[in-house]
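Student: Quick one: structure below, then a few questions.
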Amino acid sequence: MATHWTLGGDAADPHRLAAFWGAALGYLAEPGYDDPDGASLIDPEGRGPAISFLRVPEPKLSKNRFHIDIRVAGEPPWDPADRERLIRSKVAELTAAGATTVREHHYGDEFGHVVMLDPEGNEFCVA
């Protein structure tokens, strides 16, 4: 049996960050979790890990050593044009929600993924 686990992160504004990641991943606020200095999200289907954010006074200072990859294109094999359309659509949605695009990666001639920053500057990828 797999161990249940939570992905935890520091935040200047945990509720704002939880709202962003909830929308990005289709997660919901954890019922009964009511903390002004923290926020927790759950997968409504109960398959993915919980994600929590805790208010900390220190600002983010360097590149993440660990990050989330949002895999909107699913698993291979893909139609390259359809995969790129799905990724670009999600990137536009996340930009409207407060994310920033950093760069695009290509693998040879094939579109790879997009590196983004969440509203507090944490790196993540959309693939």
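The values are calculated or read from the model by the stated rules, or taken from the named source; none is laboratory data. Note that this is a predicted model, so its numbers are computed, not measured. As a convention, Cβ positions derive from the backbone with ideal geometry for all residues, glycine included, and neighbour counts pool all protein chains shown.
Student: Residue under question is GLU84, and the condition is that it be charged (D, E, K, R), assigned by TED's automatic domain parsing to the domain that holds VAL115 and touching a Phe, Trp or Tyr at 6+ places or on another chain (Cβ under 7 Å); does it hold?
Tutor: yes
Student: Another question, if that's okay. Kindly check whether there is at least one residue in the stretch 3-21 that is assigned to a loop (DSSP other than H, G, I, E, B), among the basic types (Lys, Arg) and under 18 Å from GLU123 (Cα atoms).
Tutor: Scanning the stretch 3-21 turns up no residue that is assigned to a loop (DSSP other than H, G, I, E, B), among the basic types (Lys, Arg) and under 18 Å from GLU123 (Cα atoms).
Student: Restricting to the stretch 38-85, name every residue that is assigned to a helix (DSSP H, G or I) and farther than 15 Å from VAL115 by Cα.
Tutor: Selection gives PRO80, ALA81, ASP82, ARG83, ARG85.
Student: Looking at (1) without any contact (Cβ under 8 Å) to a residue 40 or more places away in the chain; (2) touching an Asp or Glu at 6+ places or on another chain (Cβ under 9 Å); (3) under 21 Å from GLY121 (Cα atoms), which one does ALA92 not meet, given that it meets all the others?
Tutor: (2)
Student: Turning to a different aspect of this structure: Kindly indicate whether any position in the stretch 3-17 is more than 30 Å from GLU84 (Cβ to Cβ), surrounded by 16 or more Cβ atoms within 10 Å (Cβ to Cβ) and either aromatic (Phe, Trp, Tyr) or in contact with a Cys (Cβ under 7 Å, 6 or more places away or on another chain) (or both).
Tutor: no
Student: Cβ-Cβ distance below 9 Å, separation of 6 or more or different chains: which pairs start in the stretch 69-83 with a residue that is surrounded by fewer than 14 Cβ atoms within 10 Å (Cβ to Cβ) and end on one that is assigned to a loop (DSSP other than H, G, I, E, B)?
Tutor: If the second residue must be assigned to a loop (DSSP other than H, G, I, E, B), the pairs left are ASP69/ALA127; ASP82/ALA73.
Student: Test VAL126 against the criterion of being surrounded by 15 or more Cβ atoms within 10 Å (Cβ to Cβ) and within 19 Å of ALA19 (Cβ to Cβ), and give yes or no.
Tutor: So VAL126 fits the description; yes.
Student: For the stretch 73-124, which residues satisfy the criterion of being in contact with a Leu (Cβ under 6 Å, 6 or more places away or on another chain) and at pLDDT below 95?
Tutor: Selection gives ALA73 alone.
Student: Test PRO59 against the stated conditions and say whether it is within 18 Å of the chain's Cα centre (by Cα) and within 15 Å of ASP13 (Cα to Cα).
Tutor: no
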